[in-house]
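What follows is one structure encoded as structure tokens, with my remarks underneath.
The values are calculated or read from the model by the stated rules, or taken from the named source; none is laboratory data. What you see is a predicted model; the values in this text were computed from it and never measured. All Cβ positions, even for glycine, are placed from backbone atoms using ideal geometry, and neighbour counts span all protein chains on display. Heads up: the accessible areas ignore ligands, DNA and RNA and are worked out on the full protein's heavy atoms, side chains in. Shrake-Rupley method; radii C 1.70, N 1.55, O 1.52, S 1.80 Å.
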Amino acid sequence: MKLRKDKWEFVKLGDVCEKAKSVNIRKQHGSFSYIDIGSVNSELKRVSEIQELDWSIASSRARQIVRKGDTLFSTVRVNLERVAFIENEQNNLIASTGFTVVRANDKSDGQYLFYTVSSPQFIDKLSKLQKGTAYPAVTDKIVFNEEIPLPPLEEQKQIAALFHSIETAMEQVDGQEKNLKALQKNL
């Protein structure tokens, strides 16, 4: 892969994102799928559990409409790295307001943004900007004001595909290691 770094820009994250819509929980009825901060596996950077809830018992934080291709970035205790990419389409998917929803616009690739905001550099910068002691957090505004490198769209897609293939290879190796350990134990 040949990267043309001379074509890269540094932009504020918010300049390459769409705003996620919110729901008025008082006007909702029936059930929905809910993702809260505890639902995110920080090691895998994926949603590990989606709760099915009824609107009548929903938390007041259940407001953000989420869709495939979005990244959920926890604004609470940023250093715990509760960041997840939404890979699958699902109806009535709602996330807590404890997340910043990072949604690509026409200048950016959603998966590239996921890898950018889950990078150690991005996490470290935002960890230093947290306010509060018992419940340290950043705001959506702080997240969206952070500068990120932005290659041309085609390069973003290539970079995201490369990182995704690396992740897939690592998952396969982990699976093989578990199988070998089980075989060793059985022998």
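Observations on the structure shown:
- Tabulated pairs, region 53-72, first open to solvent by less than 50 Å² (accessible area, probe 1.4 Å), second among the basic types (K, R) and in a strand (DSSP E or B), C-beta under 7 angstrom, 6+ apart or interchain: D70/R103
- Residue pairs whose Cβ atoms lie under 7 Å apart, separated by 6 or more positions or on different chains, with the first residue in region 158-187 and assigned to a helix (DSSP H, G or I) and the second open to solvent by 80 Å² or more (accessible area, probe 1.4 Å), are Q158/M1; L162/M1.
- Test: residue in region 87-110 that is open to solvent by 30 Å² or more (accessible area, probe 1.4 Å) and outside any loop (DSSP other than H, G, I, E, B): no
- The set of residues in region 17-38 that are open to solvent by 30 Å² or more (accessible area, probe 1.4 Å), farther than 27 Å from T168 by Cβ and under 16 Å from the mean Cα position of the chain (by Cα) comprises E18, K19, D36.
- Being under 10 Å from the mean Cα position of the chain (by Cα) and within 26 Å of Q156 (Cα to Cα) is not true of F122.
- Within region 111-142, the set of residues being more than 12 Å from T71 (Cα to Cα) and open to solvent by less than 20 Å² (accessible area, probe 1.4 Å) comprises F122, I123, L126, V138.
- Failed item in (1) free of Cβ contacts under 8 Å to residues at least 12 places away in the same chain; (2) assigned to a loop (DSSP other than H, G, I, E, B), with D124 passing the rest: (2)
- E81 open to solvent by 20 Å² or more (accessible area, probe 1.4 Å) and more than 19 Å from I37 (Cα to Cα): no
- Members of region 1-16 found to be touching a helix residue (DSSP H, G or I) at 6+ places or on another chain (Cβ under 9 Å) and either surrounded by 14 or more Cβ atoms within 10 Å (Cβ to Cβ) or under 26 Å from V78 (Cβ atoms) (or both), listed by number: W8, K12, L13, G14, D15, V16
- Region 7-18, residues that are at pLDDT below 95 and of a type outside the set (D, E): K7, W8
- Per-region count, region 175-187, residues among the acidic types (D, E) and surrounded by fewer than 10 Cβ atoms within 10 Å (Cβ to Cβ): 0
- Conditions (1) open to solvent by less than 40 Å² (accessible area, probe 1.4 Å); (2) free of Cβ contacts under 8 Å to residues at least 60 places away in the same chain; number of the one not met by N41: (1)
- Taken over region 154-164, residues that are open to solvent by 60 Å² or more (accessible area, probe 1.4 Å) and either of a type in the set (A, V, I, L, M, F, W, C) or closer than 17 Å to K45 by Cα (or both) amount to 3.
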